[in-house]
1. Need one number: nm distance between label points at Tyr6 and Val38, each 7 Å from Cα along Cα→Cβ, rounded to one decimal.
2. Using the Karplus curve 6.51 cos²θ - 1.76 cosθ + 1.60 with θ = phi - 60°, work out ³J(HN,Hα) for each residue of segment 46-63 in order, rounded to whole Hz, and write x for Gly and Pro.
3. Could you tell me which of rounded, prolate or oblate describes the chain, using a ≥ b ≥ c as the square roots of the eigenvalues of the alpha-carbon gyration tensor, with rounded for a/c under 1.5 and, failing that, prolate when a/b is larger than b/c and oblate otherwise?
4. Taking a cut-off of 16 Å between Cα atoms, list the aspartates and glutamates near Lys58, but don't count ones fewer than 8 places away on the same chain.
5. Which FRET efficiency, nearest 0.05, do Lys22 and Leu61 yield, Cβ-Cβ r, R0 30 Å?
6. Do you know the relative contact order of the chain, to the nearest whole percent, from alpha carbon pairs under 8 angstrom that are 6+ apart?
7. 222 nm [θ] for the chain, helices only, -39500 (n - 2.57) per DSSP H run of 4+, per residue, to 500?
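Where a number appears in this text, it was derived from the coordinates with a stated rule and is not lab data. The shown structure was predicted, so the numbers you read here are calculated from the model rather than taken from an experiment. Reconstructed Cβ throughout: ideal geometry from the backbone, glycine too, with neighbour counts over all protein chains shown.
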Amino acid sequence: MKKFEYHLLETESRFFKGLDYKQLNEQLNQLGSLGWEVVTTAPITAAGTTTGLLITLKRELPE
């Protein structure tokens, strides 16, 4: 049976600026090169405003 490990990546949005997509892309590419795969994303909200993203990643554990 396959076994996996999970990693949570939390991003923050800067007020009036949004996410730093270049930095996020670099970080996801770095994690991808280590075998991590994005499974889901979910908005982080405060007072009805999206303040960031919670990204769940997984990778298969060696047997």
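1. Spacing of the two 7 Å Cα→Cβ label points: 1.8 nm.
2. Using θ = phi - 60°, the values come out as 9, 6, x, 10, 6, 10, x, 10, 10, 10, 9, 10, 9, 8, 6, 7, x, 7 Hz.
3. Oblate is the answer for the chain, as a/c is 1.5 or above yet b/c matches or exceeds a/b.
4. List returned: Glu5, Glu10, Glu37.
5. Using R0 = 30 Å, I get an efficiency of 0.45.
6. About 50 percent, as a whole number.
7. Only helices count here, giving -6500 deg cm²/dmol.
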